[in-house]
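Novice: My structure is below; once you've seen it, I'll send some questions.
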Amino acid sequence: MILSFCLVIFCALALIPLAQRHHTTADPRSFFAARGQLGTALFLVLSVGETYTIGSVMGLPGGVVAHGADIAIWLTGYILLAFPIGYILYPRLHALGLTHGAITLPDLFRAHFKSPSLERAVALLLTLLTLPLGTTQFLGLISALKLLAPSLSSTAIGLCCAGLAFLFVAISGLRGAALISCLKDALMILLVITLSGAAFYHWSEHPIRPLKTALDHIASTSPAPHANTFILSTIIIQAIAFCMVPHAVSAAFSARSADAIRRAQCWMPFYLLLFPLLFAIGGFGLTHNLGAYKADTIVLVITQHFLPAWVTGLVLAGIALTGLVWLGAVCLSLAAIMARNVVPHLSHTTQKHVGRGIIALYLALSLASATVPGLLMTSLNVFFYMGLAQLIPGIFSILFNWPFTSRAISLALFSSLIVSVSTYEYAGSLYGFHPATPGLIVNSLILAGSYTLQRFRKASPAD
């Protein structure tokens, strides 16, 4: 098991020199955004990393075990809807990136609104929101690698993972993450097919209840009065926000052309063909007695029960690469945001050094937060999108040149964040809608009022 795991990790490390071949990372744009040279294939594997993170591979089956079928509907739904939305939005982002020399989302806010304070506010918000994402990856990595080295403490495993993630991106930048994603995707497909195949093969061996009975039991014991409202609002809001995650925007800036982006988006839905298999893995956990385990670890439980040691090593390596590559892409986008937008006017060399320091700090904070007991991957996912969704009106103002001022965008953004967090904290879901909905309503009302006032002032005769 250890041998097959180490072999895969060694192959991933061997791709780092290949990423540096004929490509320099001395320029921050090359380091953070591959200098806009990623073709269709590399853009595809880099972008799809957001689809197959540990939050999907371990979180979807775990969510089925904990919450039933609803989670599979909205998780699959919003990712599927995000692909046609990305087909429209990403080429626009790419064009604006070329026009303004942008490699981060706050770069576009600065260029469009001419407001350094709004640029820094957006940069700090994105920095705060990405912390739960790193926590999610470390939760999965630690759970998975505990099977490989049960004698090691969770902290030691987390430190090893953080060191590998840093190594993957600190040397070769975004291009290295994209190349390693090719190996990761191949292993991920093998992982899902192998685990679901094991579940189907053993399904008839002493099931304790039918799948429909198990799902009906979850629905009856934890009823959701507005389940359909939550599913529909989540699919719509998170599909749009999915296209705005910092590393997805960085990937759009890194593409060679708008056509390369469109071709890649056409292939994206095929990755969702594995989601029914992930649902089957969760369904196996609901219908069979596998002992006591945490819901998020059902993938690991099936691996441990039914697969030989050397295959288990490959599965664990696939999970590890999934988390590490995704962490690397997020770290690069976050490092670029901090080095360019929070502390601007740094030299090219200093930007890279500061970026590497931010990567190390982010990994340390994510690892520390992963030690907090009781965290569920799906809950962290909702918190992230609740905050990110409040940036949608501002981003649309940039993409479609809506006539809003930086003051109106800032007021709407902060008001909506306060409303969403307060509502979620004290009332939970409002009539079943996604937690971001109250904030988006306030956001839209403020911008509409600002625009109306602006038009009224223009129409009024001058004194």
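Readers should treat all values here as calculations from the given coordinates under stated rules, not as data from a laboratory. The model shown is predicted, which means the values in this text are computed figures rather than measured ones. Here the Cβ positions follow ideal geometry from the backbone for every residue, glycine too, while neighbour counts run over all protein chains shown.
Novice: For a protection proxy built on the mean count of beta-carbon atoms within 10 angstrom, sort 77-85, 245-253 highest first, please.
Specialist: Numbers: 77-85: 19.4, 245-253: 26.7.
Ranking the peptides 77-85, 245-253 by packing returns 245-253, 77-85.
Novice: By per-residue mean of other Cβ atoms within 10 Å, what is the highest-first order of 396-403, 300-307?
Specialist: Ranking the peptides 396-403, 300-307 by packing returns 300-307, 396-403.
Novice: Which of the listed residues, Ile337, Cys6, Gly387, is farthest toward the dipole's positive end in the chain, when Lys, Arg count +1 and Asp, Glu count -1 at the beta-carbon?
Specialist: So the residue furthest toward the plus end is Ile337.
Novice: Rg and Dmax in Å for the range 221-266, alpha carbons only: what are they?
Specialist: 16.2, 51
Novice: Show the residues, 5+ positions off or on another chain, whose built amide H is closer than 5 Å to the amide H of Ala370.
Specialist: The list, which skips near neighbours in sequence, is empty: none.
Novice: Also, I was wondering about something else. Under 21 Å Cα to Cα from Lys294, which lysines show up? Leave out anything in the same chain fewer than 8 places away.
Specialist: Lys146
Novice: Sticking with this one: Two decimals is fine: what's Rg over Rh for the range 377-437, C-alpha atoms, Kirkwood radius as Rh?
Specialist: 1.03
Novice: If you scale each eigenvalue of the Cα gyration tensor by 5 and take the root, what three semi-axes come out for the chain, rounded to whole angstrom and sorted largest first?
Specialist: Listed largest to smallest, the semi-axes of the chain are 37, 28, 18 Å.
Novice: Assuming 0.890 mPa s and 25 °C, estimate D for the range 249-299 with Stokes-Einstein, Rh taken as the Kirkwood radius over Cα pairs, in µm²/s.
Specialist: Working: Rh = 14.1 Å.
Answer from the Stokes-Einstein relation: 175 µm²/s.
Novice: For Met244, Met1, which order do you get if you count the other beta carbons within 10 Å of each Cβ and list the fewest first?
Specialist: Lowest to highest Cβ neighbour count: Met1, Met244.
Novice: Oh, and also: Tabulate in residue order the Karplus-calculated ³J(HN,Hα) for the range 262-270, using 6.51 cos²θ - 1.76 cosθ + 1.60 with θ = phi - 60°, rounded to whole Hz; enter x for Gly and Pro.
Specialist: Working through the residues one at a time gives 5, 5, 5, 4, 5, 8, 4, x, 5 Hz.
Novice: Another question, then. Determine, for Cys331, Cys182, the number of other Cβ atoms within 10 Å of each Cβ, and report the residues in order from fewest to most.
Specialist: Cys182, Cys331
Novice: I'd like the FRET efficiency for Leu7 and Phe414, computed as 1/(1 + (r/R0)^6) with the beta carbon distance as r and R0 of 60 Å, rounded to 0.05.
Specialist: The calculated FRET efficiency here is 0.75.
Novice: About its Cα centre, how strong a charge dipole does the chain have in debye, to the nearest 20, once Lys and Arg get +1 and Asp and Glu get -1 at the Cβ?
Specialist: Computed charge dipole of the chain: roughly 1080 debye.
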